[in-house]
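Peer 1: So that we are looking at the same thing, I have put the structure below in structure tokens.
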Amino acid sequence: MITPAFDLSQDPNYLILNIRVPYTKTSEFDLYIDGTDFKFYAKPYFLRLSLPGRIVEDGKEKAKFDIDKGLFSLWVPKETPGEHFEGLQMLTSLLAPKGSRSAKSLVEDSMAEDEEEDEEEFDWQIEQEVYKETSEEELRALQKYGFGNQRCGVFARLQEELSDVIDVKNPEGTTAAERRQARLEAEASAFSPDHFLADLFEDDEIKGLLKFRPWWTKLSPSAEHQGEAAVSFTDDEKEQLRKFTNRSYLLDKTSRYQAWLSLVDILLAYSYEVRSTEGEHNVESPWTIRKLSGTLCWLETYSSLQEVLVSFGRRVLCYPLYRNFAMVSAAVCDTAKILQSGKACVLKCLLDIHKILRENDPAYILNDLYITDYCIWIQRIKSLFHLR
């Protein structure tokens, strides 16, 4: 578990806790208070404090989360209003030692009561250490990845927790060329001639999938935007769009081109997943999308459309259930149709990917690294024809 960066302050009536928990699911957390004991858990972060004064649960608690900053802020009432808590800046001494007494829950999941006997109880006594900020000099030495290659340092402390999300062993210290070489070696090792030949000659099920028509093939032309398709968004999709924070992206020509290529790579993986499940997403959908996308699985940076297509074709023939080149060709045609239908169609696909990854632990981190930015960026661009 990771001890998050945190600080404490106070006013006469409240203890104020600011806990930095970037790249976590804010809808899933545990919070406990009991007198001088405070405990917070949001995978993969865990914080246990022994406070210099007593706090209380009385219904006046307040909390907010700043998505952009990854900052969780909590106001907890003091048991004795007006009391001054000494030593709130002594962060190391506040970290509760192993063996602290138990606490009662402030947040309870009513649906979890029937499952408590079957679930393993969380170990609140694990060791903690003070969070150490990465210096700017250290960050500059780390490799870049994410949308527009604008992120670094994300996996420096989370790699153990997120090893099931990406295949790169050391993303912070592995160059783009080293990632590519490792990806190619992993694909060569994963390729199974027997599986490939079985899908080649016993292809009745695959032929059925090839007849499937995804939703984007049924779109009618838009009356408002010439050359684009008419796309409608569900209430849930509209709500998600309202939750995004509008922002600008300063990408140079090379980064912008690479962002387009990675978008094509992600859409290819999504198109395959939709066809392979005939539009009915399942528990394997997050794995399929991230495994078939070199961008999501290997933090790959492409320099040409040919590289994207070759990478996608190799991965389809190595990893998923249906390893047939006809499925590769179908996904290419599907992706071309999505792009030709306009940015609203692309946005709807990205929102679907966002939902699939958001509901999977720990694949949701890929939304923070790529998909959320793509959902915002695609709305701001003027034309989809930047790949020529």
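The values are calculated or read from the model by the stated rules, or taken from the named source; none is laboratory data. This structure is a prediction, so every number in the text was calculated from the model and none was measured. As a convention, Cβ positions derive from the backbone with ideal geometry for all residues, glycine included, and neighbour counts pool all protein chains shown. Each accessible area value is taken on the protein alone, full model and side chains, heavy atoms only, with ligands, DNA and RNA left out. Shrake-Rupley method; radii C 1.70, N 1.55, O 1.52, S 1.80 Å.
Peer 1: Suppose every K and R has +1 on its Cβ and every D and E has -1 on its Cβ; what is the size of the dipole of the stretch 318-382 about the Cα centre, in Debye to the nearest 20?
Peer 2: 320 debye
Peer 1: How large a share of the accessible area of the stretch 229-289, in percent, is made up of carbon and sulfur atoms when the probe is 1.4 Å and the other protein chains stay in place?
Peer 2: Answer for the stretch 229-289 is 47 percent, counting heavy atoms of protein chains only.
Peer 1: Rounded to the nearest Å, what's the spacing between the alpha carbon centres of the stretch 358-384 and the stretch 240-312? Just the number, please.
Peer 2: 9 Å
Peer 1: If you count only protein heavy atoms with a 1.4 Å probe, what accessible area per residue comes out for the stretch 295-348, rounded to a whole Å²?
Peer 2: Counting only protein heavy atoms, the per-residue value for the stretch 295-348 is 32 Å².
Peer 1: Over the Cα atoms of the stretch 266-388, what is the Rg over Rh ratio if Rh follows Kirkwood?
Peer 2: Radius of gyration over Kirkwood radius for the stretch 266-388 works out to 0.93.
Peer 1: Using the Karplus curve 6.51 cos²θ - 1.76 cosθ + 1.60 with θ = phi - 60°, work out ³J(HN,Hα) for each residue of the stretch 278-292 in order, rounded to whole Hz, and write x for Gly and Pro.
Peer 2: With the stated coefficients, the stretch 278-292 comes to 6, x, 10, 4, 9, 5, 8, 4, x, 4, 4, 4, 6, 6, 7 Hz.
Peer 1: Could you list which residues have their amide H under 5 Å from that of PHE38, counting only those 5 or more apart in sequence or on another chain, with H placed in the peptide plane?
Peer 2: Counting only residues 5 or more places away or on other chains, the set is LEU49, LEU51.
Peer 1: While we're on this one: Using a 1.4 angstrom probe and counting only protein chains, how large is the accessible area of TRP298 in Å², to 10?
Peer 2: 20 Å²
Peer 1: Order these peptides, 145-155, 264-274, by their mean beta-carbon neighbour count within 10 angstrom, highest first.
Peer 2: 264-274, 145-155
Peer 1: OK, next. Counting only protein heavy atoms, what percent of the accessible surface of the stretch 5-94 is carbon or sulfur at a 1.4 Å probe?
Peer 2: 49 percent
Peer 1: Turning to a different aspect of this structure: Note down the magnitude of the dipole of the stretch 157-379 about its Cα centre, charges +1 on Lys and Arg C-beta and -1 on Asp and Glu C-beta and zero elsewhere, to the nearest 20 debye.
Peer 2: About 740 debye.
Peer 1: What percent of all Cα-Cα pairs in the stretch 5-94 falls into each 10 Å bin, going from 0 up to the bin containing the maximum distance?
Peer 2: 16, 53, 28, 3
Peer 1: On average over all directions, what projected area in square nanometres does the stretch 181-326 have, based on the convex hull of its Cα atoms?
Peer 2: Dividing the Cα hull surface by four gives the mean projection, 11.5 nm².
Peer 1: Let me ask something else about it. Just the number please: accessible area per residue for the stretch 5-94, 1.4 Å probe, all protein chains included, in Å².
Peer 2: 47 Å²
Peer 1: Quick check on my link table: of LYS69/LYS238; LYS211/LYS291; LYS238/LYS348, which ones sit more than 21 Å apart, alpha carbon to alpha carbon?
Peer 2: LYS69/LYS238; LYS211/LYS291, as the Cα separations exceed 21 Å there.
Peer 1: Sticking with this structure for a sec: Can you compute the charge dipole magnitude of the stretch 1-70 about its Cα centre, using +1 on each Lys and Arg Cβ and -1 on each Asp and Glu Cβ, nothing else charged? Give it in debye, rounded to the nearest 20.
Peer 2: Using only the charged Cβ atoms, the result is roughly 180 debye.
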